[in-house]
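Q: Sharing a structure, written as structure tokens. Questions coming.
The values are calculated or read from the model by the stated rules, or taken from the named source; none is laboratory data. Bear in mind that the values here come from a model prediction, so they are computed numbers and not experimental data. Don't worry about glycine lacking a Cβ; one is built from the backbone with ideal geometry, like all the others, and counts go over all protein chains shown. The accessibility values were calculated without ligands, DNA or RNA, using every heavy atom of the protein model including side chains. Shrake-Rupley method; radii C 1.70, N 1.55, O 1.52, S 1.80 Å.
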Number of protein chains: 2
Amino acid sequence: MSGGFILVVDDEPAICDMICTSLEMAGYQTRKAANGQIALQMIFNEQPDLAILDWMMPMMSGIELTTRIKRDPLTAEIPIILLTARSVEEDKIRGLEAGADDYVVKPFSPRELTARVKAVLRRSGKGNEDSNLTAGTMVLSPDEQVCRIDNETVSMGPKELKLLEFFMRHPNRVFSRGQLLDRVWGGNVYIDERTVDVHIRRLRKAITMNDHERMIQTVRGSGYRFSCDI
Amino acid sequence: MSGGFILVVDDEPAICDMICTSLEMAGYQTRKAANGQIALQMIFNEQPDLAILDWMMPMMSGIELTTRIKRDPLTAEIPIILLTARSVEEDKIRGLEAGADDYVVKPFSPRELTARVKAVLRRSGKGNEDSNLTAGTMVLSPDEQVCRIDNETVSMGPKELKLLEFFMRHPNRVFSRGQLLDRVWGGNVYIDERTVDVHIRRLRKAITMNDHERMIQTVRGSGYRFSCDI
DNA sequence: CGCAGGTGTCACAAAAATGTCACAATACAA
DNA sequence: TTGTATTGTGACATTTTTGTGACACCTGCG
């Protein structure tokens, strides 16, 4: 399943499609974005494992996009590959300075791109293995889709598991109900924000053992936060 | 959230709107003013992090406005970007002489403007980065919505946290109750100004440890000020 | 088709935050 | 020093936000 989730950003649909197709043939999951604005939002909402950005784009250049992604601690860890039109040393340097992890010079062969992708993913340790998330005596295994506390399997619905996984990936940080809807529910939904409350409630109920529900803290007026230390 | 609070001053509503829209898309908070008179008042009252002024305006030109803003110590620190119609060297010089921090020649692309805004804000140290705010042994993390003194979490209400955050972003500067209502409460409210006193009181009470409450100083007849050094 | 679990929504209960007031304390000017 | 204006403080009613249980609606499955 999770060979890796990759966001491809290019203003030329043809190129975008070509890249996506070859990546999908290589076993990756992909998503397209036509410009920087959309890309920024998708990166935020969907937390891809890797982003491939074209250097030259209207509105927002790949390098500016890179800068923004790397500036936000919430997305800074996402590896980035830049596509440059020419092989200019200066571009490479500016790209790497902005925080890109690799760059590919256009035109390139699909095989070359997937090779780079594989390399970057391996390097950044985000490869296939979703290593287990742990907080104290609680362990969540995305692979097995299971959460254990003190080695006891905790039963909860899939949505609660997703929610918990998201929280464990971003501990100590407050998320508004809207952000959680975006990122756990998957964006383009219009759902009553109070629904989040209910799922928080269900999640808390599920992990009641040893007071673990106190890890899910509510921040009045702002949202919820996951705190590792109980 | 608080990517920065920007005042846009232009007598042409269309341009004003266009600028505001693109700034908002870039994550800034904006406010419009149609002429110099209004602008002057808003700058005074709301203490934006940056002001964008059109050069050519009826009543009061951008450069005159700049001069006035920079003359008043209460607003002198606010960075200013001027919009000039032509790329005339003389205009640039006059603008910078008056104290503007940057200038953009019309017509300009939204991207160019936001780039300048970003640059000016970064230069003046008021950037986007929600990095932690610190004053002595006190640290406020907007991400985590938490304030710590000597690594001890300080408990306070959300309004007090907002208030403290605002103060820490503008240290050593006096704010009237009205200004605080505008910026911390969010403007369009009609609330008794004395309410601010009560929240100041609550904030002080919250950070009493190690005399930190002395950082919030009252300036009789004017308002309150946050001083980094106790 | 009927069932079972998962989801979203609702109504009401509970809790926390907020704004206002009355009065005390303090600073400032005459 | 006295008087006046301004600010500090604690208490309280109101408003806002969140917790919680119940319920109806899907959706996949036997």
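Q: Using a 1.4 angstrom probe, figure out how much accessible area chain A has per residue, in square angstrom, rounded to the nearest whole. Could you put the intermediate results ahead of the total?
A: Details: 11540 Å² over 230 residues.
With all protein chains present, chain A gives 50 Å² per residue.
Q: Can you give me the long-range amide H partners of A:GLY99? Hydrogens built in the peptide plane at 1.01 Å from N, cutoff under 5 Å, separation of 5 or more residues or another chain.
A: When sequence neighbours closer than 5 places are left aside, there are no close amide H contacts.
Q: Now, a different point. List the equivalent ellipsoid semi-axes of chain B in whole Å, largest first, each obtained as the square root of 5λ for an eigenvalue λ of the Cα gyration tensor.
A: Working: eigenvalues 231, 64, 49 Å².
Semi-axes (√(5λ), whole Å): 34, 18, 16.
Q: Given label points at 7 Å from Cα along Cα→Cβ, what nm distances, shortest first, separate B:ASN151 from the same residue in every other copy?
A: 3.2
Q: Please give the total accessible area that chains B and A bury against each other, computed with a 1.4 Å probe and expressed in Å² to the nearest 100. It would help to have the intermediate numbers written out before the result.
A: Numbers: alone 11740 and 12070 Å², together 22710 Å².
For chain B against chain A, roughly 1100 Å² becomes buried.
Q: Could you sort B:ASP182, B:ASP49, A:ASP211 by accessible area so the largest value comes first, with the probe set to 1.4 Å?
A: Details: B:ASP182 45, B:ASP49 20, A:ASP211 75 Å².
In descending accessible area the options line up as A:ASP211, B:ASP182, B:ASP49.
Q: Moving to a separate point now. Got a sec? Which residues of segment B:134-149 lose 30 Å² or more of accessible surface with every protein chain in place, vs. that chain alone, 1.4 Å probe?
A: Listed by number, the residues meeting the 30 Å² cut-off are B:ASP143, B:GLU144, B:GLN145.
Q: Does anyone have the angle between helix A:62-71 and the longest principal axis of chain A? Alpha-carbon axes, 0 to 90°, nearest 10?
A: Here the helix axis deviates by roughly 30 degrees.
Q: Sticking with this one: For segment B:153-184, which residues drop by 20 square angstrom or more in accessible area between the chain on its own and all protein chains together (1.4 Å probe)?
A: B:PRO158
Q: Just list whichever of A:LYS159/B:LYS162; B:LYS32/B:LYS205; A:LYS106/A:LYS159; A:LYS118/A:LYS162; A:LYS32/A:LYS162; B:LYS118/B:LYS162 have alpha carbons separated by over 30 Å in the model shown. Spell out each step's value before the answer.
A: Details: A:LYS159/B:LYS162 32 Å; B:LYS32/B:LYS205 37 Å; A:LYS106/A:LYS159 41 Å; A:LYS118/A:LYS162 26 Å; A:LYS32/A:LYS162 23 Å; B:LYS118/B:LYS162 23 Å.
From the list (A:LYS159/B:LYS162; B:LYS32/B:LYS205; A:LYS106/A:LYS159; A:LYS118/A:LYS162; A:LYS32/A:LYS162; B:LYS118/B:LYS162), the Cα-Cα distance tops 30 Å for A:LYS159/B:LYS162; B:LYS32/B:LYS205; A:LYS106/A:LYS159.
Q: Next up: Please identify every one of the chymotrypsin sites (Phe, Trp or Tyr not before Pro) in segment B:161-206 that sits in a loop by DSSP and has no more than 15 other beta carbons within 10 Å of its own beta carbon.
A: Working: sites: B:PHE166, B:PHE167, B:PHE175, B:TRP185, B:TYR190; in loops: B:TYR190.
When the chymotrypsin sites (Phe, Trp or Tyr not before Pro) of segment B:161-206 are filtered for loop state and at most 15 Cβ neighbours within 10 Å, B:TYR190 remain.
Q: What is the ratio of the Cα radius of gyration of segment B:5-123 to 2.2 N^0.38 Å, where N is its residue count, to two decimals?
A: Working: Rg = 12.6 Å, N = 119, 2.2 N^0.38 = 13.5 Å.
Normalised Rg, Cα atoms only: 0.93.
Q: 7 Å along Cα→Cβ for the label point: how many nanometres lie between B:LEU96 and each equivalent label in the other copies, listed shortest first?
A: 3.4
Q: Here's another thing I want to ask about it. Output, in nm with one decimal and in ascending order, the distances from the B:ILE191 label point to the matching label points of the other copies (7 Å from Cα along Cα-to-Cβ).
A: The projected label point of B:ILE191 is separated from its counterparts by 3.2 nm.
Q: In angstroms, what radius of gyration and Dmax does segment A:133-226 have, counting Cα atoms only?
A: 12.6, 37
Q: Normalised by the residues of chain B, what does the relative contact order come to in percent, with Cα pairs under 8 Å and at least six apart?
A: Values: 371 pairs, mean separation 31.9, N = 230.
Relative contact order of chain B: 14 percent.
Q: Kindly identify the protein assembly as shown as rounded, prolate or oblate by the Cα gyration tensor criterion: order the square roots of the eigenvalues as a ≥ b ≥ c, call it rounded if a/c is under 1.5, otherwise compare a/b with b/c, prolate if a/b is larger, else oblate.
A: Numbers: a/c = 2.32, a/b = 1.19, b/c = 1.94.
Note, shape of the protein assembly as shown comes out oblate.
Q: In whole Å, what is the distance between the alpha-carbon centres of segment A:158-230 and segment A:1-75?
A: A separation of 27 Å, based on Cα centres.
Q: While we're on this one: Run the accessible area of segment A:133-226 with a 1.4 Å probe and give the carbon-and-sulfur part as a rounded percent. Working shown, then result.
A: On the way: 2100 of 4900 Å².
Carbon and sulfur: 43 percent of the exposed surface of segment A:133-226.
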